[in-house]
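Below: the structure, in structure tokens.
Any read-out appearing in this document is the output of simple, stated calculations on the displayed coordinates, not a laboratory observation. Computed from a prediction, not measured in an experiment: that's the story for all the values here. Cβ placement follows ideal geometry from the backbone for every residue including glycine, while neighbour counts extend to all protein chains displayed.
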Amino acid sequence: MNPLDPNEEDASGVSSPDSQTELRELCNGLLDGDFTAEDRARLEVLVLGHPALRRLYVEIMHQHASLRQSATRLGDVPLAEVLKTLPGEPVSKVIRFPSWPLQIAAALALGVAIWLFVPRPAEKPLATLVETNGARWDNSSLPTTPGSHLKAGRLRLESGVARLVFQSGAEVSLEGPAELELKGPNACFLYSGALTAHVPEQAHGFTVATAHAQLIDHGTDFGISADPGGRGQVQVLKGEVELRHDRSGETRRLATHESAAITADRLTQVKGAEGEPDRYAFLRSSASARPATVTLTTAGGTGDAAYVVSPNSPIHFSDTLLLVKNAPTKGYLRKAYLRFDLASLRDRKVAAAALSLNFEATGFGYASLTGECTFAVYGLTDDAQDDWSAETLTWETAPAFSPNAGTVDTSKAVKLGTFTTPRGVVSGTFAIEGQALTTFLNADINRRATLIVVRETSEPSNNGAVHGFAGNHHPTLAPPTLKLTLADR
């Protein structure tokens, strides 16, 4: 008998011990995440080519599923409580496979298991945040720790300098205050502020877009600045760039020591660029045109901040953090509620809005067992429910109540946006922005806006981390903050 041939059986029709051992080792690798493409091919040969091994495979996966199901029910419950409940705890219902042919059941189980446990290729970063000097960050949607790999998203630098290296090799130094969006491994969008760039030969074609133009590098060192209205200026420090105007279609090539101004209507050559660059000349000429900005927090006026926790959750509370969690059990579920006082806006309309939340480790659960998590922010549309209090708010009485920890009653609230925390990350500043948030704030009638934060991502057990962000009483971190740009009167 050849033990490597899955189709061989002994006289009794039972697969060889060596084949059974090999199958068990492959299953262990699959469940532990140590599983290669070669392992997958071999597992398919064993399972689909031998009836006895199919039965063994189904038993192994059934056993793992049963143990995992039992573990999820007790993961976030104190040991003392577990011991109290064990004597009277009913035995979990046995998971039974349907009465299909065993080969079909095994094939389906194999496909589901591989889909669940085989690691997927990670999204490649667009750039790396190499270093910072005196940096203070606003509500960035990307990590701001030096050494962080950055995916698509925005960086908001209040002050200081941050140096990024794109995957293409282009080096960018961002000067605060500035807002920069990473668009690709060789492209970015400058919303406001200034940056200088060094572009090596392999990164030719590096592109910086602004509200009204695109700068395409042809091997150069350059500087570019922009105001929130889209006006800007380009200085070529060395080499050559191409400047393309969006509205007019005009194209200009600028060489060393040449400069051009960008407006909504056109590009204009700037004389005397060999001297000290004057990045803010176009701002000083019409300072009154700068849009007004307003910052609101849940600690101001009639604002408030609280979180609710589902019943039968006797431990793990915080006076300084607003806790959020979604898990497969009925206990230890949490949602956060924020109220902003908009009365100071009077009749002014909001042109742009961003909500920022400052996360901090809660110490509850294990971050290493927590995968990438997506959070959603909802806006309460039922003004009658805005009159809630942090002291009396409960799980069942919370506005737009839904028993599902990952959502709310969408007949009373509208989804405004989402953000995602990377695997194992439980601290940092995360934000949402966009037209949905702006529209919601402008539509508010009673000038009190309630936002609800939930974690859409559930977890396989209660052992993962409880996320938390600063509330109104945190000693060092800012409370939930709305940064608003007001429309012209």
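Structure above, values below:
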read-out: Karplus-derived 3J(HN,Hα), 6.51/-1.76/1.60, for each residue of region 253-263, Hz, glycine and proline x; value: 10, 10, 10, 3, 6, 9, 9, 8, 9, 10, 10
read-out: Subset of Lys335/Lys412; Lys124/Lys335; Lys349/Lys415; Lys124/Lys415; Lys183/Lys412; Lys415/Lys483 violating a 24 Å alpha-carbon distance limit; value: Lys124/Lys335; Lys124/Lys415; Lys183/Lys412
read-out: Full-extension gain in nm, Gln202 to Glu240, via 0.36 nm per residue minus C-alpha separation; value: 12.2 nm
read-out: FRET efficiency estimate (nearest 0.05) - Cβ-Cβ, Ser368 to Thr392, R0 25 angstrom; value: 0.10
read-out: Stretch gain in nm, segment Thr293-Lys183, where the contour uses 0.36 nm per residue and the Cα spacing is subtracted; value: 37.0 nm
read-out: Förster radius 45 Å - calculated FRET efficiency between Arg136 and Arg40, Cβ distance, rounded to 0.05; value: 0.40
read-out: Charge dipole (debye, nearest 20) of region 135-200; +1 at Cβ of Lys and Arg, -1 at Cβ of Asp and Glu; value: 160
